[in-house]
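The values are calculated or read from the model by the stated rules, or taken from the named source; none is laboratory data. For clarity, every value in this text was computed on a predicted model and none was experimentally measured. Don't worry about glycine lacking a Cβ; one is built from the backbone with ideal geometry, like all the others, and counts go over all protein chains shown.
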Amino acid sequence: MFSVRFWGVRGSIPCPGPYTVLFGGNTSCLEIRADKRLIIVDLGTGLKPLGDWLMAYETPKAPLDADIFITHTHWDHIMGFPMFSPLFFPATKLRIWGPVSYEDDTLESILGNQLSYRYWPVRLNDLSAQIKYGQIQETSLDLGAGLRVTTKYLNHSVLCMGYRFEYEGKSIVTAYDHEPFRNLFPTDPLDPSYDEKAAREGDLAAREENKKILRFFEGADILIHDTQYTLKEYETSKLDWGHSSYEHALCAAEQAKVKKLVFFHHDTNRTDEQLFQLEEEYRNFFGNKPHPQLLMAREGFTLEA
């Protein structure tokens, strides 16, 4: 079995309440299973219910042994870490991987800063689990037992990693927080700062980077893609905020011949009713053309590759 279960599907900040009950209000956290192997992607507030579930149903049978992959260290992707119950048991073994994302800080120090008295009553030294940290760049790692992960830098305001997990011929790919690459140089000849060579090279660079992303997605059985905005929202006021539109994700998934596309990293102001409406609307995006199966991520949902 190769599957993904969603424990947190929101971006930016948790948004519990009566209008987010069905899709959930926790921030990013995924549980990937490759038979008995456990992979966790991101440490958002969805990590809290995942940890509680593991303590209730799995750790009584065997100590927790897992790899954790962090996409980046923005707070909505790490703020669940201090509340992860298995951290307080000596038999727990965790390998935490992620990109080097800010100046000289290590991954361990960034996570550990949350566990200081100014923010939290428990210190990093109080954790009992056996934790190893691995800072990674674009690479491919053999995790053993036929499980492999390939990493790819995405387009965000800090270094952010996409992950492609492959097991027994199947693949699950994550691509958030991510914004399509675009030419950042002025392209209007009437612009005082216009430079023809720079504009041309900027366009070529953006197109090449977007092609690299498509190659990373190629043939994925499941693609979990950033869809924080509609295209209208993105073009009107969200350029350079580091997130994608539904329309961009749909086109990228079609071009890369993805089998299942999961809309992810929902905006905090998006209600259950609005997400249902968008899910229905975008299922008609391709008309009668062959296209990926489309799903809106929701907490508790499990999808097999």
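R95 - would you say it is under 27 Å from S171 (Cα atoms), among the basic types (K, R) and either in contact with a strand residue (DSSP E or B) (Cβ under 6 Å, 6 or more places away or on another chain) or surrounded by fewer than 18 Cβ atoms within 10 Å (Cβ to Cβ) (or both)? The answer is yes for R95. Taking the stretch 156-196 as the search range and keeping residues that are without any contact (Cβ under 8 Å) to a residue 12 or more places away in the chain and either of a type in the set (S, T, Y) or closer than 20 Å to I224 by Cβ (or both), which one is surrounded by the most Cβ atoms within 10 Å (Cβ to Cβ)? So, considering only residues that are without any contact (Cβ under 8 Å) to a residue 12 or more places away in the chain and either of a type in the set (S, T, Y) or closer than 20 Å to I224 by Cβ (or both), the one surrounded by the most Cβ atoms within 10 Å (Cβ to Cβ) is Y194. If you check F216 against the conditions, is it of a type in the set (F, W, Y), in contact (Cβ under 8 Å) with a residue 24 or more places away in the chain, outside any loop (DSSP other than H, G, I, E, B) and buried (at least 16 other Cβ atoms within 10 Å of the Cβ)? Answer is yes for this residue. Every test in (1) farther than 15 Å from R298 by Cα; (2) under 19 Å from the mean Cα position of the chain (by Cα); (3) among the polar types (S, T, N, Q) is passed by T236 save one, and that test is (2). Check whether at least one residue in the stretch 163-186 is within 26 Å of L43 (Cβ to Cβ), at pLDDT below 95 and touching a strand residue (DSSP E or B) at 6+ places or on another chain (Cβ under 6 Å), and report yes or no. Looking through the stretch 163-186, at least one residue is within 26 Å of L43 (Cβ to Cβ), at pLDDT below 95 and touching a strand residue (DSSP E or B) at 6+ places or on another chain (Cβ under 6 Å). Remark: A206 falls outside the filter, which requires a residue to be of a type in the set (A, V, I, L, M, F, W, C), assigned to a loop (DSSP other than H, G, I, E, B) and either at pLDDT 80 or above or under 30 Å from the mean Cα position of the chain (by Cα) (or both). What about A249, is it closer than 26 Å to W75 by Cα and surrounded by 23 or more Cβ atoms within 10 Å (Cβ to Cβ)? Yes. Considering the stretch 1-68, there are no qualifying strands (runs of 3 or more DSSP E) wholly inside with 3 or more residues that are touching a Lys or Arg at 6+ places or on another chain (Cβ under 6 Å) and crowded, with 18+ Cβ neighbours inside 10 Å.
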